[in-house]
Structure formats: C-alpha cells, structure tokens
Amino acid sequence: MTGRHAARHARITFLGTSSGAPTLARGLPSLALRRGPELFLFDCGEGTQLQFRKAGLRPGRLSRVFISHLHGDHVLGLPGFLMSLQLGGRATPLEIHGPPGIAALIQAVLRLVEAHIGYELRLFEHGAAETVARGDGYQIECRPLDHRAFCLGYALVEAPVPGALDVARARALGVPDGPMMGRLKRGESVTLSSGATVEPAQVVAPARRGLRVAYCTDTRPSDEAIALARDADLLIHEATFAHDRAEDAHAKGHCTAREAAEIATRAGARQLALTHISPRYGDPAPLLSEAQAVFPNTVIAADLMALEVTA
Ligand SMILES: [Zn+2]
Ligand SMILES: [Zn+2]
C-alpha cells in the first residue's frame, strides 16, 4: 500500500441509525463513506436506497459495499438497492464484501424475484480478520466482532504519507543532485565524498499519518473493535442501549453508550459517533451524556447527518 495518494479526508453520511426496526426518525443501519472519487456503503438496511437519494449521493461513484452481518436490519435493503442500480443503467462492476452466507443470500433473493442484474457483482466472503480490499492509498480491514451472529467490523486505513525532501537544505549540506537524494527520501542515510554522513531526518519532513475510520456494529464490548479503532480519527460504534440496560444489551449481543465510549478511550480514537440506537430512545440525550462523561468528543448519529473527517 502506498501512501502517495492518501486523501487524509473522508465524508461520512449516516443513512440509517436505528436498530432492529425503523422509527419515524431513524431508518435501518447504513452509512456512506466518500473518499476522493470513491463511495463505499457500510450495511444496507431496508430503506437505504431512498436515503441514499435523499442524501444526494451518486450511485455511479459507489464501488464497494461492506456488510457487517446477516441480521435482516443490516442487509435486507441490498437486493432492492442492487435492482435499482440495474434500472439506473449501471454498467460497472460492484464489489460486495460480507460474512459467509452473503453471496447465497444475494443470489437467492435476486433469483427468486427474477431480477436480472446486467452489471458484474463481485461477491467476497470473509470469515476472519483480514485486509478485504485495497485501493489507491488505502485499504479496508475487517475483524470479527462479538455478536449473536457472526459479525464483521471494518476499518478504512490509509498508509502514512511520506514527508517531503527539502532539496535546498540537502544541497546546502553538500548532497549532490541524483541518486543520493532518492536514497534520503526513502529513509536511508548517505555518505558524501567528503566522508560526512547525512541522515534522512536532517532533510526529510516526518511522515504524516493517514486517515483511519472504524465501523463497529453489532457487538458486545470487543477487543477486536479496539484494534480496528486504534488511533482512529473517527470510530463509528453501536450504542444500542443506555448503561442501565447493560445486562439486556449483552444478552442481545450489543453494548451500551458508555461501553462504546470506553472502547473509544482505550483505542485512543479522536472522535466517536454513536449509532444503531434502539427505537426505545425517542430522545437519545441520555445515551449521549453517558458517553460524553467517558469520552467527551462524542456525537450521536442522526439520519442524513454528515461528518467530515480529516487525518
Ligand atoms: Zn443490528
Ligand atoms: Zn445484529
């Protein structure tokens, strides 16, 4: 992975932020991540395609879909979405990543409803932690979370951006134009004809870290979520319940807003967005306040809310 084309910026649009069932205010889970020219979709609950249009997103930019798990609230919007792309005249391939079973689910539904998809569907199933996709300056990683069904969390990870070589400074130190400049830029020290040594740190700016965004739902508190969110610029994490219902949350394979904030803290994330909110919380203020007590830089996602993230 080269960091030369790290965008260091992404725009997240929450399309659905409820759990289990939609409410009048919140649709079923889905979010779009725009990075440079590409658009990714994470989960695709029922109603996602309409939210996608309301958000003004361009279907032609959509290159990859990542599904966390096969519970209906996260995946049942996908067949209709794929059919609408067909009606819209899509000709370019679409990648779909998800847990084992995602291919059979999509193929079965599309066959039974007699949908004819003319563009290429590239289906990938992932049963363990791995790098699932690579692109220009970034990769997408997954790790299994801790839910009732097998469930994957994802992270978009950009490589560090190499620091620029200060050519004028290098020349002033006696480095001749040519291969030595390249070696310094690659992090090697060079020995001049005078016998003096020039270290890269003298002439190359420190590498800048790339963007990191993690998406973790549905899950109980999980060390795998911490690994995905390690030093992340943004962690998007489920907060299905408030902490007074922790027992209920864990029994159902979920976690609380306070626990999401603890994950963000332990991971060293810079910002936390809570999503996958139980329909029981018409007013999510208690979830936000209990999370902010642990991790102040927390927001609660709302449908069609957009977040700009910068490394
Ligand atoms: Zn769910
Ligand atoms: Zn679930």
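Since every read-out is calculated from the coordinates, none of them should be taken as a lab result. Given the structure is predicted, the values throughout are model-derived calculations rather than measurements. All Cβ positions, even for glycine, are placed from backbone atoms using ideal geometry, and neighbour counts span all protein chains on display.
In the chain, the longest principal axis of the Cα atoms and the axis of helix 102-112 are about 50 degrees apart. Proximity of backbone amide H atoms, modeled 1.01 Å from N, is registered between V65 and L41, E95, I96, H97 at under 5 Å, excluding neighbours fewer than 5 places apart on the same chain. Across the chain, the mean sequence separation of Cα contacts (distance under 8 Å, 6 or more residues apart), normalised by length, yields a relative contact order of 19 percent. Taking GluC sites (Glu not before Pro) as exposed when their DSSP state is a loop state and no more than 16 other Cβ atoms lie within 10 Å, the longest site-free interval of the chain runs over 189-311.
May I ask for the net charge around T131, where only other residues with Cβ less than 12 Å from the Cβ of T131 are counted and Lys, Arg are +1 while Asp, Glu are -1?
Taking every Cβ under 12 Å from that of T131, the sum is 0.
Distant-in-sequence amide contacts of R8, defined by a placed amide H-H separation under 5 Å and a gap of 5 or more residues or a different chain, comprise L211.
If a/c stays under 1.5 just call it rounded; otherwise compare a/b with b/c (prolate if a/b is bigger, oblate if not). Do that for the range 1-145, with a ≥ b ≥ c from the square roots of the Cα gyration tensor eigenvalues.
On the way: a/c = 1.30, a/b = 1.24, b/c = 1.05.
It comes out rounded by the Cα gyration axes.
Decide, for the range 193-311, between rounded, prolate and oblate: order the square roots of the alpha carbon gyration tensor eigenvalues as a ≥ b ≥ c, take rounded if a/c falls under 1.5, and otherwise choose prolate if a/b is larger than b/c, else oblate. Prolate, because a/c is 1.5 or more and a/b exceeds b/c. Its Kirkwood hydrodynamic radius, worked out from the mean inverse distance over all distinct Cα pairs, puts the chain at 20.7 Å. Between helix 257-267 and the chain there is an angle of about 20 degrees, using the helix long axis and the longest principal axis of the Cα atoms.
Please determine, in degrees from 0 to 90 and to the nearest 10, the orientation of helix 78-87 with respect to the longest principal axis defined by the Cα atoms of the chain, where the helix direction is its Cα long axis. Helix 78-87 and the main axis of the chain meet at about 80 degrees.
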